[in-house]
1. How large is ³J(HN,Hα), in whole Hz, for each residue of region 47-62 in order, when computed from phi with the Karplus curve 6.51 cos²θ - 1.76 cosθ + 1.60 and θ = phi - 60°, using x for Gly and Pro?
2. Identify the chymotrypsin sites (Phe, Trp or Tyr not before Pro) of region 3-71 meeting these criteria: DSSP loop state and at most 16 other C-beta atoms within 10 Å of the C-beta.
3. Viscosity 0.890 mPa s, temperature 25 °C: what is the translational diffusion coefficient of region 28-76 from Stokes-Einstein with a Kirkwood Rh over Cα pairs, rounded to a whole number of µm²/s?
4. May I ask you to compute the full-extension gain from Thr13 to Thr33, defined as 0.36 nm times their residue separation minus their alpha-carbon distance, rounded to one decimal in nm?
5. Listing Met48, Met35 from the residue with the fewest other Cβ atoms within 10 Å to the one with the most, what is the order?
6. Residue by residue, what Karplus-based ³J(HN,Hα) values in Hz, rounded to whole numbers, does region 22-33 have, using 6.51, -1.76 and 1.60 with θ = phi - 60° and x for Gly and Pro?
7. Tell me the label-point distance for the pair Leu65, Trp53, using the 7 Å Cα-to-Cβ offset, in nm and rounded to one decimal.
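Where a number appears in this text, it was derived from the coordinates with a stated rule and is not lab data. All figures in this text were calculated on a predicted structure; none of them were measured in a lab. All Cβ positions, even for glycine, are placed from backbone atoms using ideal geometry, and neighbour counts span all protein chains on display.
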Amino acid sequence: MLRHRESSKPAETKKPVEYAARGLWQLWSWDITYMKTDIKGQFFYLYMIIDVWSRKIIAARVHELSCGAFAERTNGQLPKFCRK
């Protein structure tokens, strides 16, 4: 009962790559958050980049539409010393 009984080999799972921040400006996370309005069904979208170590907001923008180009522009908003 402890054996795999199918004719095929069981799926092997790989452990995901783990990233760890050991100081400021090493690892960032980004998020798109829906912000409610007074009008039912209408939202604003908050695009935000956060430093994982300090949990401080590095860049943020608010838009009426959800679009990948806005996320790219938020990345372009970062100070020059942050971009590599």
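1. Once rounded to whole Hz, the list reads 9, 9, 10, 10, 7, 5, 5, 8, 6, 9, 6, 8, 8, 8, 8, 10.
2. Passing sites in region 3-71 are Tyr19, Trp25, Trp53.
3. 216
4. Stretched fully, the Thr13-Thr33 segment lengthens by 4.1 nm.
5. By the 10 Å Cβ count, ascending: Met35, Met48.
6. Ordered by residue, 3J(HN,Hα) equals 10, x, 5, 6, 9, 9, 10, 10, 10, 8, 10, 10 Hz.
7. 3.8
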